[in-house]
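Just so it is clear, none of the values below were taken in a lab; they were calculated from the coordinates. All values derive from a computational prediction rather than experimental measurement. All Cβ positions, even for glycine, are placed from backbone atoms using ideal geometry, and neighbour counts span all protein chains on display.
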Amino acid sequence: KKKATIIFIFSPDCDHCQHATKELTANIRLFKKAQVVMASSQEYAYIKKFYEEHKIADHPNIILGRDPSYFFGTFFRVR
């Protein structure tokens, strides 16, 4: 409550998403007052690999999860 939230819809196999995640984690201090929710509709195995490769567990303000029905993409009309 009363905390900024960044919703990051991504695909683990997207080069742009991988680069953006590297930039995000490298500059995480700029987002210390925000909660980052990363959501992907890809299969769990791909998301888990991405999670481990980018060391998301090292960043407690980043929550990464699976959105199998692409709810966020539909709701926010991602193009």
Along segment 29-35, Karplus-curve 3J(HN,Hα) (6.51, -1.76, 1.60; θ = phi - 60°) to the nearest Hz, with x for Gly and Pro, reads 4, 6, 10, 5, 9, 10, 9
What dipole magnitude, in Debye to the nearest 20, does the chain give about its Cα centre under +1 on Lys/Arg Cβ and -1 on Asp/Glu Cβ? 580 debye
³J(HN,Hα) computed for each position of segment 11-25 - Karplus, 6.51 cos²θ - 1.76 cosθ + 1.60, integer Hz, glycine/proline x: 10, x, 9, 8, 4, 4, 5, 5, 5, 4, 5, 4, 5, 4, 5
Could the peptides 4-12, 21-29 be put in order, highest first, of the mean number of other beta-carbon atoms found within 10 Å of their residues? 4-12, 21-29
Restricting to Cα pairs below 8 Å that are 6+ residues apart, what does the relative contact order work out to for the chain? Please round to a whole percent. 35 percent
Residue-averaged 222 nm ellipticity for the chain, from DSSP H runs of 4+ at -39500 (n - 2.57), nearest 500: -9500 deg cm²/dmol
Considering all projection directions equally, how large on average is the shadow of the alpha-carbon convex hull of the chain, in square nanometres? 5.4 nm²
Which residues' amide hydrogens lie under 5 Å from the amide hydrogen of Q35, considering only partners 5 or more residues apart or on another chain, with H built in the peptide plane? A4, T5, I6
